[in-house]
Amino acid sequence: MNPTVAPSTRMPTLIFPTSTDAARHVATLMAKMIRENNASGVPTVLGLATGSTPVGLYRELIRMHKEENLDFSRVVTFNLDEYFPMPKDDSHSYNRWMQETLFSHINIKPENVHIPDGTVKPGAVADHCERYEEAIRKAGGIDIQILGIGRTGHIGFNEPGSPKTARTRLVTLDPVTKRDAASGFFGEENVPQQAITMGTATILEARKVILMAFGEHKAPTVQKAVENPPSESIAASFLQEHSDSTFILDAAAASDLTLYRRPWEIGPVVWKPELIRQAVIWLSLKVHKGLLKLSDNDFREHHLYELLREHGPAENLGYRVFQDRFQTIINHPAGNDPKRTILVFSPHPDDDVISMGGTIIRLVEQGHKVHIAYMTNGNIAVFDHDALRFTDFVESFHRIFQLDQQNTSEVKKRVTEFLKNKKPGQPDTDDVLKIKALIRETEARAAALACGIPPEQLEFMDLRFYRTGTIAKNPIHPQDITDIVNLFERLKPYQIYVAGELSDPHGTHRLCAEAIYEAVRRVRAKKQDFDVWLYRGAWEEWEPHQIEMAVPLSSDVLDRKKEAIFRHQSQKDRAMFPGSADKREFWQRAEWRNTQTAQLYDQFGLPEYYAMEAFVRWKDA
Ligand code: F6R
């Protein structure tokens with residue numbers, strides 16, 4: 001898979017369509033070096049990172065070891081960092097994570113593995129750090145350093161303000177980093193304050209540096225790191241000064257680069273209809289003028305004279321895009337004939353109503369049969385106190401109605417005992433996971449009913465990849481795809497809706513979308529076809545030039561949508577995984593986003609609505 005080379009950046013930046021392609025590329029490069037060094041009998045020294053980013057890379061290296069005899073017996077590794085304090089066997093320790101994610105699956109020698117030690121006494125940390133640097137030097141320095149990037153721009157845990165001369169040391173984590181780590185620790189209050197990290201200078205001494213970044217939530221930081229001059233406010237920007245360092249991105253992480261945001265500023269472009277739309281919409285927002293009010297001068301003053309020359313004057317361009325956007329306003333998303341079967345996929349039990357509750361309500365009102373498929377049970381996002389409360393409820397219920405009391409009391413005792421002694425982040429027992437899943441399932445039924453959808457039109461798929469009871473997910477299981485294919489064959493939908501998410505915190509939406517796309521390809525091969533519309537999850541909205549269908553919502557429909565979101569009580573007031581730094585509740589974000597989209601259309605000079613939900617069509621690559 002040939003990557004796109006970004007032309008606008010201050011350092012080599014390669015863009016791959018997906019994170020899987022990118023991980024494969026990096027693994028191939030590492031394997032080549034390991035094989036060459038093995039053949040010459042010399043060790044390969046790798047600098048390794050933890051986190052969500054390198055998981056695909058490690059999976060690929062393990063595959064190469066198992067299927068292609070990639071030999072790690074001469075490989076020496078140094079990890080970037082470890083929380084402090086942190087016992088080595090703690091479920092949050094990077095030591096344990098590395099063992100579970102990579103080392104226990106390959107033939108690396110334990111004595112060749114180096115990871116900062118989170119168990120040293122506070123007084124001995126400085127000495128430990130110095131010895132860590134010495135060990136790197138003794139090993140001959142790092143051949144390839146793998147990095148991820150935090151939303152603060154950190155590499156390792158070199159947070160904003162870290163100088164480029166910094167070496168391995170104890171650091172305090174930035175509040176943004178702690179917030180991002182919070183879900184893994186089941187609450188920000190459980191995230192350690194400090195960590196031991198290699199310094200920026202240590203990292204810059206590696207002979208080759210590869211920074212990987214995947215997902216849209218990384219896009220703004222990546223843009224600053226590769227397009228702005230180096231600065232202490234983004235440690236990753238210092239990689240610009242390294243002679244062999246490369247950013248490896250997936251399309252989502254690259255989406256804020258000038259190459260995609262304003263390609264016309266970089267060099268000559270071919271003015272295809274989509275690019276014309278993007279440029280004119282960008283200009284309209286930039287100069288705060290409606291599409292029909294744009295002038296030739298607006299185009300000239302904003303690097304758009306080529307567009308003006310080829311497709312102008314301004315009135316033509318403005319009118320053309322106005323017409324195009326006008327046609328995206330669609331009041332009957334499934335057409336005018338009633339009784340069509342619509343299938344909405346919801347990765348977690350509340351994404352349906354948060355992201356497209358208004359459209360669901362309108363589809364039901366327009367006489368269509370809407371089915372909702374909840375793909376995972378969402379049980380890891382339920383607080384322990386809610387599990388306890390429902391256990392108490394069931395016990396009291398059984399007492400009042402003289403139902404089986406003995407079994408209920410036993411379950412309550414087991415659950416109470418476990419939760420009383422549970423440590424932060426400790427995985428739940430099977431009992432507790434089942435109760436939490438049930439809470440979300442009943443909430444989903446209540447929310448669907450608020451939209452006018454009866455329980456018999458709901459599918460609780462409980463896909464296998466999600467059944468880990470922890471944040472980490474398994475790869476998609478072949479049966480997951482078969483389950484979706486079976487659903488298509490059974491329901492024969494007229495159109496389907498999918499969370500086309502690029503940025504949810506744990507990647508669940510992305511996995512769900514990939515499983516659905518694969519299932520769609522399979523049924524299409526058997527000549528079953530339907531429209532596939534994508535909505536965005538709770539975190540972001542489509543860019544205005546991307547929107548292909550904007551469904552208007554009245555204030556009454558938006559109120560009903562909020563009512564449906566409220567039915568997800570376990571996610572109300574405070575959600576376990578709010579995602580991003582946004583402190584607002586999901587219903588507040590949804591309300592803001594939907595009214596915001598309507599205001600944007602108004603700003604373009606299009607009809608003014610109260611609120612709108614936005615969709616794009618899925619196009620198979
Ligand atoms: C991990 C590390 C960090 C992460 C960064 C991105 O060892 O040093 O710099 O690489 O926080 O984390 P993810 O990949 O989880 O987004």
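The values are calculated or read from the model by the stated rules, or taken from the named source; none is laboratory data. Predicted model only: the values in this text are computed from it and were never measured. Every residue, glycine among them, receives a Cβ derived from its backbone with ideal geometry; neighbour counts consider all protein chains shown.
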- Item | Test: Leu600 is surrounded by 18 or more Cβ atoms within 10 Å (Cβ to Cβ) and part of a strand (DSSP E or B) | no
- Looking at this structure, is Asn2 modelled with pLDDT of 95 or more and polar (S, T, N, Q)? no
- Message: What's the number of the only condition in (1) touching a Cys at 6+ places or on another chain (Cβ under 9 Å); (2) surrounded by fewer than 18 Cβ atoms within 10 Å (Cβ to Cβ) that Asn190 fails to meet?
- Response: (1)
- Item | For Val120: the one exception among (1) surrounded by 15 or more Cβ atoms within 10 Å (Cβ to Cβ); (2) among the hydrophobic types (A, V, I, L, M, F, W, C); (3) in contact (Cβ under 8 Å) with a residue 12 or more places away in the chain; (4) more than 14 Å from the ligand (Cβ to nearest atom) | (3)
- Message: I want to confirm something. Restricting to region 132-151 and keeping residues that are surrounded by 15 or more Cβ atoms within 10 Å (Cβ to Cβ) and of a type in the set (D, E, K, R), which single residue is nearest to Gln193 (Cα to Cα)?
- Response: Arg151
- Message: If I ask for residues that are away from the ligand (no atom under 16 Å from the Cβ) and either acidic (Asp, Glu) or in a helix (DSSP H, G or I) (or both), which ones from region 81-102 would you list?
- Response: Asp89
- Could you please let me know if Thr9 is under 22 Å from Ala225 (Cα atoms), in contact (Cβ under 8 Å) with a residue 60 or more places away in the chain and among the hydroxyl-bearing types (Ser, Thr, Tyr)? yes
- Out of the residues in region 47-80 that are among the small types (Gly, Ala, Ser) and under 22 Å from Ala135 (Cβ atoms), state the one that is nearest to the ligand (Cβ to nearest atom). Ala49
- Within region 152-189, the residues that are assigned to a loop (DSSP other than H, G, I, E, B), more than 13 Å from the ligand (Cβ to nearest atom) and either among the hydroxyl-bearing types (Ser, Thr, Tyr) or in contact with a Pro (Cβ under 6 Å, 6 or more places away or on another chain) (or both) are Thr165, Phe186
- Message: Given the criteria touching a helix residue (DSSP H, G or I) at 6+ places or on another chain (Cβ under 9 Å), among the hydrophobic types (A, V, I, L, M, F, W, C), assigned by TED's automatic domain parsing to the domain that holds Lys88 and more than 13 Å from the ligand (Cβ to nearest atom), does Ile136 qualify?
- Response: yes
- Message: Which of the numbered conditions does Gln426 fail, given that it passes all the others? Conditions: (1) out of contact with any strand residue (DSSP E or B) (no Cβ under 7 Å at 6 or more places or on another chain); (2) touching a residue at least 24 places away in the same chain (Cβ under 8 Å); (3) not in a loop (DSSP other than H, G, I, E, B).
- Response: (3)
- Message: Here's a check for you: in region 20-46, which residue that is in a helix (DSSP H, G or I) and touching a strand residue (DSSP E or B) at 6+ places or on another chain (Cβ under 7 Å) is farthest from the ligand (Cβ to nearest atom)?
- Response: Asn37
- Message: Which numbered condition in (1) within 24 Å of Leu606 (Cα to Cα); (2) touching a Gly at 6+ places or on another chain (Cβ under 8 Å); (3) surrounded by 18 or more Cβ atoms within 10 Å (Cβ to Cβ) is the only one that Ala252 fails?
- Response: (1)
- Query: Can you name the condition, by its number, that Ile108 falls short on among (1) more than 16 Å from the ligand (Cβ to nearest atom); (2) closer than 30 Å to Ser231 by Cβ; (3) in contact with a strand residue (DSSP E or B) (Cβ under 6 Å, 6 or more places away or on another chain); (4) assigned to a loop (DSSP other than H, G, I, E, B)?
  - Reply: (2)
- Item | Near pairs, Cβ below 6 angstrom, 6+ apart or cross-chain, from region 432-454 (outside any helix (DSSP H, G or I)) to any residue that is surrounded by 21 or more Cβ atoms within 10 Å (Cβ to Cβ) | Cys451/Ile360; Cys451/Ile361; Cys451/Ala564; Ile453/Val370
- Per the filter on region 227-260, residues more than 16 Å from the ligand (Cβ to nearest atom), touching a residue at least 12 places away in the same chain (Cβ under 8 Å) and in a helix (DSSP H, G or I) are Glu227, Gln240, Glu241, Thr258, Leu259
- Task: Look at region 203-226 and say how many of its residues are assigned to a helix (DSSP H, G or I), within 12 Å of the ligand (Cβ to nearest atom) and crowded, with 24+ Cβ neighbours inside 10 Å.
- Result: 3
- Note on the structure: Only one of Ser162, Ser104 is among the hydroxyl-bearing types (Ser, Thr, Tyr) and surrounded by fewer than 20 Cβ atoms within 10 Å (Cβ to Cβ), namely Ser104
- Those residues that are touching a residue at least 24 places away in the same chain (Cβ under 8 Å), buried (at least 16 other Cβ atoms within 10 Å of the Cβ), farther than 14 Å from Lys289 by Cα and of a type in the set (A, V, I, L, M, F, W, C), I need them from region 302-328; list them, please. Leu304, Leu307
- Task: Could you tell me whether Leu14 is within 16 Å of the ligand (Cβ to nearest atom) and either aliphatic (A, V, I, L, M) or loosely packed, with under 15 Cβ neighbours inside 10 Å (or both)?
- Result: no
- Tell me which of these Asp529 doesn't satisfy, since it passes every other one: (1) more than 30 Å from Asn379 (Cα to Cα); (2) outside any loop (DSSP other than H, G, I, E, B). (2)
